[in-house]
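What follows is a single structure, written as structure tokens, with notes after it.
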Amino acid sequence: VSTAEAYAGITPQIPLVGLDTLLQTSVSVWKDKLQNDFEPSVFARYPVIAAIKKRCYEVGAVYASMSGSGATVFALFDREVSLSGEFTDAWCWSGWL
């Protein structure tokens, strides 16, 4: 995703919840409260990125998002999940903290 293209398509939104409040909540509520304003326009041009985020939720992510202006997608899980074979056409890294 071109950075210029991503910025040309963004429509900044007012946050649903303040970051200080959000950080005091469980990660499991972030899905409905935390938004990346780049996602709508980037997902419209690159549906595969939206599909990767959706699949992360389908396999058990408690939160997933596109990082910055794209095209990296990251996901947080509350348990270890095997993603082998899930994203064969993409570079995939996994770790556990």
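Values as computed for the structure displayed
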item: Helix-only CD estimate at 222 nm, as mean residue ellipticity for the chain, using -39500 (n - 2.57) per DSSP H run (n ≥ 4); result: -8500 deg cm²/dmol
item: Electrostatic dipole magnitude of the range 3-76 [Cβ: Lys, Arg +1; Asp, Glu -1; Cα centre; debye, to 20]; result: 200
item: Overall dimensions of the range 26-75 as given by Cα atoms, namely Rg and Dmax in Å; result: 10.3, 31
item: Cut-off 12 Å between beta-carbons: net charge of the residues surrounding GLY9, Lys and Arg +1, Asp and Glu -1; result: -2
item: Alpha carbon Rg of the chain, scaled by the compact-globule rule 2.2 N^0.38 Å; result: 1.12
item: Table column - 3J(HN,Hα) (Hz), the range 86-94, Karplus curve with 6.51, -1.76, 1.60, x for Gly and Pro; result: 6, 10, 5, 9, 10, 6, 9, 10, 9
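Any read-out appearing in this document is the output of simple, stated calculations on the displayed coordinates, not a laboratory observation. None of the values given here were measured: they were computed from a predicted structure. Every residue, glycine among them, receives a Cβ derived from its backbone with ideal geometry; neighbour counts consider all protein chains shown.
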